[in-house]
1. Along its principal axes, what span do the Cα atoms of segment 88-149 show, with the longest given first and each in whole Å?
2. Could you state the per residue volume, in Å³, of the convex hull enclosing the Cα atoms of segment 1-96?
3. So what is the relative contact order of segment 1-128, in percent, for Cα pairs below 8 Å that sit 6 or more residues apart?
4. Report Rg (one decimal) and Dmax (nearest whole number) for segment 231-351, counting Cα atoms only, units Å.
5. So for each of 58-64, 227-233, 137-143 I average, over its residues, the number of other beta carbons within 10 Å; can you give me the resulting order with the highest mean first?
6. Taking only the Cα atoms of segment 17-73, how large is their convex hull per residue, in Å³?
7. Quickly estimate the mean residue ellipticity at 222 nm for the chain, helices only: each DSSP H run with n ≥ 4 gives -39500 (n - 2.57), and the total goes over all residues, rounded to 500.
8. When 1/r is averaged over all different Cα pairs and the result inverted, which Kirkwood radius in Å belongs to segment 164-221?
Ligand SMILES: Nc1ncnc2c1ncn2[C@@H]1O[C@H](COP(=O)(O)OP(=O)(O)OP(=O)(O)O)[C@@H](O)[C@H]1O
């Protein structure tokens, strides 16, 4: 049995339903949930915390079936996007509020220690309205973390923060939960949150959990086209035409891709290629060993923060490659240039459509 076992969680709210969501987490796991707006991510968290009573399914936390327990007995902390601090209380009293049921003997020291770890010890006397967004966020985190919840739920906790404050908040959160090995489920629209914090990723759509797994696995082996597109991984359908020297040759709309994965000749397969795994070069490498080397035309360059996404045309296929700004400068490419896309055979992943 895992630390968190959610089995077949279903709820019908009329216009929206959560459909048989099952997942398990080990103690200390950090799961980020992504998915389009209206996918049911918040309803899922609210069902775990006890805001909604599911029509079907079970929630087991640390061996205890909490499906029908009142929220206050579940020992689950939740942090919202809008922080939900009590406006008439100081930061100190907001944090203490979390401890109102189980006051530890050394409550004052516990509050000050928590405030120090989240760098808000100088703000304890202030009311929430006088704080910046980042400071309010840290106060909200302190209020939830001080009760040492068995499970911490967060619904887009950083969405109102500027990029720099967000990075800092991630670091502080990581330190604060790392010390306690807190198990976390965190909804976000920012994949950088997932890469910075999580070891697991879940993708929701239309009230369903489409895929959950280790971060790398979901990115490199998305189960279907929707998940692939959502995480920015290329997804292609083709047929295995031959197997030789430990490789399979896959025909994808007239382009031959070689993969080290196993599949039978004649089998239709889906292939996933992460945009980070496509290198782009002006020169054709003299040694092709281990690589797919494909002629590519640069259609477009889309700047993405510290990287650029290259829109490449490879025969009949559209592929995206993600290059750092340094790699981009070295490549010095313009729209319409003829280039080479280099993809290691082990990065061409054969995936089951799910
Ligand atoms: N009380 C309710 N009764 C009926 N439908 C609801 C209720 N609350 C939310 N919904 C609907 O359920 C769907 C899922 O909402 P939810 O807030 O869980 O989405 P989400 O994935 O968190 O989206 P976002 O990323 O925009 O926050 C939405 O279509 C929403 O309108």
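What follows draws every value from the coordinates through simple rules; no lab data is involved. Quick caveat: nothing in here was measured; it's all calculated off a predicted structure. Cβ: placed from backbone, ideal geometry, glycine included. Neighbour counts: every protein chain shown.
1. 30, 23, 19
2. About 135 Å³ per residue, rounded to a whole number.
3. Computed value for segment 1-128: 22 percent relative contact order.
4. Cα radius of gyration and Dmax of segment 231-351 are 14.2, 42 Å respectively.
5. 137-143, 227-233, 58-64
6. 98 Å³
7. Helices in the chain give a 222 nm mean residue ellipticity of -7000 deg cm²/dmol.
8. Details: mean 1/r = 0.0797 Å⁻¹.
One decimal place: 12.6 Å for the Kirkwood radius.
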